[in-house]
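All of the numbers you see were taken from the coordinates with simple rules; none came from a lab. This one's a predicted model, so the numbers in the text were calculated from it and none came from an experiment. For neighbour counting, all protein chains shown are included, and Cβ atoms are generated from backbone atoms with ideal geometry for every residue, glycine included.
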Amino acid sequence: MPPGLVSKALAGYRLHITGCVQGVGFRPFVYRLATGLGLVGEVGNIGTGVQIRLAADEPTVAAFCRRLRAECPPHARIERIDTEPFDWVSAPRVFEVVNSQTKGQGARIPPDLAPCPACLAELNDATDRRHGYPFINCTNCGPRYSIVRALPWDRAHTAMAEFALCTACDEEYGDPGNRRFHAEPVACAVCGPHLWLQGAEGQHIRGAAASLLAQCATWLKQGRVLALKGIGGFQLACDAGSATAIGLLRERKHRPAKPFAVMMRDLAQVDAWFELNDAEQAQLSSPAAPIVLLPRARLRPRLAGMATDALAPGLAHLGVMVASSPLHWLLLNELDGPLVMTSGNAGGEPICTGNRQALSALAPLADAFLLHDRPIVNRCDDSVLAVVAGRPRLIRRARGFVPEPIPLPAGLNGTVLALGADLKNSCCLAGSGRAVLSAHMGDLASPACLDALGQEVERLPALLGIRPRAIAVDLHADYAATRLGVRLARERGLPLYRVQHHHAHLVSCLVENSHGPNEPVLGVVLDGLGLGDDGSLWGGEFMLADYAAYHRLGRLRPFPLLGGDQASRQPWRNLLAQRVSFSLWPELQSRCPLLFRDEAETLLAMAPRFPLTSSAGRLFDAVAALLGVAPAEQSFEGEAAMKLESLAGRAQASACYDVRVSREGGLWQLDPAPMWPMMINALLAGASEAVLAANFHLSLVSGLCRMVQQLQRQARFDVVALSGGVMQNRLLLAALIEALEAMGLTVLTQSRVPSNDGGIALGQAAIALARGRSRGKAPL
């Protein structure tokens, strides 16, 4: 008979706890709570969460449950506690943590967590046995999603399985009073992962972590580029204070203008460089440790010499993050200032995760490699967010947030796999009343990114134990993600749901805001391009919609997409497409010479052959081209629009141009045609480009509000949901929220899920579930 049991049977209760309760110190917390209350029984992980069995009466169990909810660990999230009577065959005499069981599926996996204050204190304590150890962690921090292979959350199911615990770590692991009690990734310099360096010539350098990091710091100060193995993938680093080093990295990565983020050691160092508000401080110091976009205007004057023009050319914001791992903290502690920290990949490819892969793929980019032997199981790039209108808003949802689930509204039952879009791709697996978005996959024009998506749609359902019963894809048949989804549905014999692009954007916003599935809203979706149900290219849409269906009430007035896909890369084509709207064109020749080349005349003559689009993104490109901030060819998606926003942020608006609301072909239209001659006249009269950019933003917001007012006369709604990639524009979003709320409307926006294509799979999944329900087929 096991030592914890006696022979006499005893009645008790079994508790089944679901939520984020694995990998967050929940079992140690339960153990300490139960023993502190003098209770006997057991706790263990199971496939669906945590199971607790208590030898206690109902009032005692009820009080225990209240304490569970009130005092659970900071990173734990209890969704449900189900209790049922349970008869012990042999009554326990102690409370213990038992081996995990694999029965059931659906437990939540926590995201990777930045080092906690206690671990950082030990890291810097010369008397601590983990002093300077780059892989220090505990139940409150460290790798989680990036190292898990299967559930339940146990060391044997993680990348740490191959590292046998030394005697000291094993004692901590088994000590209920220790912070590392059942901390599955626990390790030290004796038994855990180790670092080594590899130079450009292939030489291996081994030694103590401190000496290796000191060598890396020396190389970085010399202007070299370092590839290092991070939490969810490799990163490329160089000195953020050296325009020469940054230029070298740009040249090698073929990245002439796309901004680089910087990493600083801790919040204190960021605060020394930037004036921060409370919301920015909270995000920078959060366990997710995302990249936070900070205004360059708030860079402290005495430190304005940082190479910000080289880091974010033409942009008003700089991406900043703090050390996301002990390794990063130790490296930055060897330096006086921040480092550029960017994804370790060749242009357009997924970030590297394996040592051999990185040594091959990154050899042309890096001068040296900082490697270690802890495998990365799940790729996860750095997350990016901005604080807008007082709220953090994710732009890229990855490390620190994935795979946290998003609750689905009641009634959206069943399981579905949604494949997302081709840009900023992520997929989504929905089931058991929640949806899990994958990490950022990248742009699927890259065969390697498409292959990564193919692997993810196999791995994610296996990891979460959710078998999809339907597939959802974008309406556009030529999307690589759509083709993959069609193939999966055919091979598996599953129903296929084709979802309109902008409806999916809108519904992703509704899901995040827990909006009811039967409550129509007006969606204002400002985006790049997406195929409409009429076969044309949409992108500036006004929809009365719920989860299952939508009715298109209005749009941005369409204009020709001159050159097709080339118009997305060359902003001047979108300005050329506006030429029919005004007569002042010849006056622009000196300012916009691209508009007067022979190719432009040919494009205008061919305009009737090109598709029309209502894209708001292309309108922003046109204005950026007029005001001289758009490159002839964009080197990254959204470059012209981002530079236009930055230009507008430098001035106050002085005028509001006319953006007309009219009706044509059964649809209300927002027509910017009257704006163009007003803007061009002002430009030719010598008005500041920054003021004109601010005027454009003000004018568009005014026009959008007038359109909403007009639609209120036609349809009944009091809630407006804002989504689409253009809603990442901080000036536009903040002003639009303020103006719509002043009209008495409830405004729904996105925070935890990107409003760009990175969040579209969530909307696809919810729409598929809603359509299945409306056809009487739920659960799918």
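About its Cα centre, the chain has a charge dipole of approximately 980 debye under the convention of +1 per Lys or Arg Cβ and -1 per Asp or Glu Cβ, with nothing else charged.
The angle between the Cα long axis of helix 689-714 and the longest principal axis of the Cα atoms of the chain comes to about 80 degrees, rounded to the nearest 10. Along region 638-650 the Karplus relation, 6.51 cos²θ - 1.76 cosθ + 1.60 evaluated at θ = phi - 60°, assigns HN-Hα couplings of x, 4, 5, 5, 5, 6, 5, 4, 5, 4, 5, x, 8 Hz to successive residues, with x for each Gly and Pro.
Semi-axis lengths, largest first, of the ellipsoid equivalent to region 243-383 are 25, 19, 14 Å, with √(5λ) applied to each eigenvalue of the Cα gyration tensor. Dipole check for region 169-237: with +1 at the C-beta of Lys and Arg, -1 at the C-beta of Asp and Glu, and the Cα centre as origin, the magnitude is about 460 Debye.
Taking the C-alpha atoms only, the angle from helix 730-742 to the longest principal axis of the chain is near 90 degrees.
When the chain is described by a simple charge dipole with +1 on each Lys and Arg Cβ and -1 on each Asp and Glu Cβ, the residue from Met441, Ala622, Val97 located farthest towards its positive end is Val97.
Based on alpha-carbon atoms only, what is the radius of gyration of region 10-97 relative to the globular estimate 2.2 N^0.38 Å?
Cα-based Rg divided by the globular estimate yields 0.98.
Near the amide H of Ala435, within less than 5 Å, lie the amide hydrogens of Ile406, Leu408, all on another chain or at least 5 residues away, with H placed in the peptide plane.
Of the GluC sites (Glu not before Pro) found in region 161-225, the ones in coil according to DSSP and having at most 11 other Cβ atoms within 10 Å of their Cβ are Glu201.
Between the Cα long axis of helix 675-684 and the first principal axis of the chain there is an angle of about 80°, rounded to the nearest 10. Counting neighbouring Cβ atoms within 10 Å and putting the fewest first, the residues Asp546, Asp671, Asp128, Asp87 line up as Asp87, Asp128, Asp671, Asp546. When a/c is below 1.5 the answer is rounded, else prolate if a/b is larger than b/c, else oblate, so apply that to region 556-672 with a ≥ b ≥ c taken from the square roots of the Cα gyration tensor eigenvalues. Because its axes are fairly even, with a/c under 1.5, region 556-672 counts as rounded. Considering only Tyr173, Ala452, Gln198, the residue lying farthest towards the positive end of the dipole of the chain is Ala452, judged by Cα position with unit charges set on Cβ. Express in whole angstrom the spacing between the alpha-carbon centres of region 33-78 and region 691-767. If we compute the Cα centre of each part, the gap is 44 Å.
For Lys229, Lys258, the sequence from fewest to most other C-beta atoms within 10 Å is Lys258, Lys229. Note on the chain: the alpha carbon radius of gyration divided by the globular reference 2.2 N^0.38 Å gives 1.00. Sequence-ordered 3J(HN,Hα) estimates for region 112-121 from the Karplus curve with 6.51, -1.76 and 1.60 and θ = phi - 60° stand at 5, 10, 5, x, 7, x, 5, 5, 5, 5 Hz, glycine and proline given as x. Bridge orientation summary for the chain: considering DSSP beta bridges with both residues in this region, about 75 percent are antiparallel. Per residue, the average separation of C-alpha pairs within less than 8 Å and at least 6 apart gives the chain a relative contact order of 11 percent.
Which one, Thr35, Gly12, Pro74, projects farthest toward the positive side of the charge dipole computed for region 10-97 from Cβ point charges (K/R +1, D/E -1)? My answer, from the dipole projection, is Pro74. What does the charge count around Gly563 come to, taking other residues whose C-beta lies under 15 Å from its C-beta (Lys +1, Arg +1, Asp -1, Glu -1)? Neighbour charge sum, excluding Gly563 itself: 0. Cross-link reach is defined here as a Cα-Cα straight distance under 16 Å, omitting same-chain residues fewer than 8 places apart; for Lys229 the aspartates and glutamates meeting it are Asp112, Asp367, Asp373, Asp381, Asp382.
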